[in-house]
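Reading through the structure tokens given below for one structure.
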Amino acid sequence: MATIPNIPAGRLPQLLARMPKAELHIHIEGSLEPELIFEMSRRNGVAIPYASVDELRRAYAFTNLQSFLDIYYAGASVLLKEQDFYDMAMAYLKRAQADNVVHAELFFDPQTHTARGVAMETVINGLHRATVDGAKQLGVDASLILCFLRHLSEQDAFETLEQALPWRDKFIGVGLDSSEVGHPPEKFAKVYARCRELGLHLVAHAGEEGPPAYVWTALDLLKVERIDHGVQSTKDPELVKRLARDRIPLTVCPLSNLKLCVFPKLEMHNIPQLLEAGLVATVNSDDPAYFGGYMNENFVQTFAATGMGAREAYQLAKNSFDASFVDAAAKRRYTDRLDEAFANA
Ligand code: HPA
Ligand code: ZN
């Protein structure tokens with residue numbers, strides 16, 4: 001581990017911005033900025049119930065997860081053609097590069113699109129082509145994780161998996177997202193068992209708004225390798241011990257938690273507590289176009305609010321590489337770059 005330099009608080013934002021990092025919790029549909037929604041609405045002839053970019057942005061005042069999801073699915077309705085998926089992902093990868101994100105694992109929600117008659121092939125090919133060009137043109141490595149919508153049935157998830165299998169080489173794993181409360185992980189136990197047999201990586205949203213029990217069943221019944229969010233885990237000390245013992249990463253999204261009222265203020269976010277308990281916590285943007293910030297904004301605002309310093313910055317960036325689904329050699333290369341950034345800070 002690098003020697004952590006003493007960084008005065010005033011220079012911390014620059015270090016946070018410059019350090020290389022991985023983003024492991026980003027819904028690519030949540031990176032669709034209002035300007036791009038309007039452009040695609042025009043070019044595809046899909047009407048949206050907002051008169052202007054400003055009016056749409058003003059609607060981004062959320063009270064909980066569901067109030068966000070309603071607008072998020074409306075925004076995604078303008079995506080029709082392979083080029084739309086490509087443009088959305090390329091726009092994100094450019095923002096990632098600007099924030100020194102060197103590796104990203106992108107969630108996508110195929111059911112949001114196939115339900116509107118968009119072919120699975122259109123979705124996956126557009127996103128995948130962007131990841132190929134993003135690596136070549138921007139130096140950002142990215143891979144795809146297919147998410148099942150948990151408000152839909154397990155049967156629907158099975159059908160989605162079947163539709164995606166011809167493109168099995170273009171995604172590395174599966175996740176579970178959408179409305180959490182009332183849709184516990186165990187609802188998807190069979191489809192996750194099948195994904196495990198297929199050698200896919202497994203993650204699931206749990207403990208964003210839902211109780212610690214959902215984190216337990218994501219671990220024990222779905223056998224996930226990472227928990228997305230997981231911030232409710234601190235309500236159960238036995239669960240915190242389990243997450244620490246098994247080094248199960250949590251992909252935490254501070255500005256998302258603030259905007260969806262999971263914490264009333266960023267000052268009250270429990271990410272310092274998660275690190276203190278020895279958990280492999282990471283910082284991520286979730287749906288940056290909706291929650292007011294990409295990666296560096298999440299880091300800078302969270303550090304300013306909680307008083308974390310250079311040691312925690314190093315730990316969070318190191319955790320992001322450790323928690324990623326790249327091989328050991330790539331983890332080492334990324335960590336070497338991180339050490340170099342701290343040595344030169
Ligand atoms: N939680 C659940 N589902 C989602 C989210 C989230 O934060 N973002 C996009 N889909
Ligand atoms: Zn999420």
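Ligands, DNA and RNA are left out, and with a 1.4 angstrom probe the accessible area of the chain is 39 Å² per residue.
Note: relative contact order over the chain, using C-alpha pairs below 8 Å and six or more positions apart, is 23 percent. Taking the 1.4 Å solvent-accessible surface of the chain as the whole, the part contributed by carbon and sulfur is 51%.
Shape class of the stretch 244-309 from the alpha-carbon gyration tensor: prolate, with a/c at 1.5 or above and a/b greater than b/c. Per-residue ellipticity at 222 nm from helix content only, as computed over the chain with -39500 (n - 2.57) for each DSSP H run of at least four residues, stands at -14000 deg cm²/dmol.
Projected label points at ARG43 and ALA277, each 7 Å from Cα along the beta carbon direction, are separated by 4.5 nanometres. Running a GNM on the chain with Cα contacts under 10 Å, which residue among LEU15, LEU222, LEU146 ends up with the highest mean-square fluctuation? Residue with maximal mean-square fluctuation among LEU15, LEU222, LEU146: LEU15. Dimensions of the stretch 276-325 from C-alpha coordinates, computed as largest minus smallest value along each principal axis and given longest first, are 30, 29, 16 Å. With 0.36 nm allotted per residue and the present C-alpha distance subtracted, the VAL53-ASP246 stretch has 65.0 nm of extension available.
Could you give the length gained by full extension between ALA193 and LYS235, i.e. 0.36 nm per residue of separation minus their alpha carbon distance, to one decimal place? Mind dumping the intermediate values first?
Values: separation 42, 0.36 × 42 = 15.12 nm, distance 2.81 nm.
Answer, rounded to one decimal: 12.3 nm.
Once you reduce the stretch 136-180 and the stretch 31-58 to the center of their Cα atoms, the two points are 25 Å from each other. Per the Kirkwood formula applied to alpha carbons, the stretch 198-317 shows a radius of gyration over Rh ratio, Rg over Rh, of 0.95.
Applying D = kT/(6 pi eta Rh) to the chain, where Rh is the Kirkwood radius over alpha-carbon pairs, T corresponds to 20 °C and eta to 1.002 mPa s, the Stokes-Einstein value obtained is 106 µm²/s.
The values are calculated or read from the model by the stated rules, or taken from the named source; none is laboratory data. This structure is a prediction, so every number in the text was calculated from the model and none was measured. Quick reminder, even Gly has a Cβ in these numbers, built from the backbone with ideal geometry, and neighbours come from all protein chains shown. Surface areas here come from the heavy atoms of the whole protein model, side chains and all, with no ligands, DNA or RNA. Shrake-Rupley method; radii C 1.70, N 1.55, O 1.52, S 1.80 Å.
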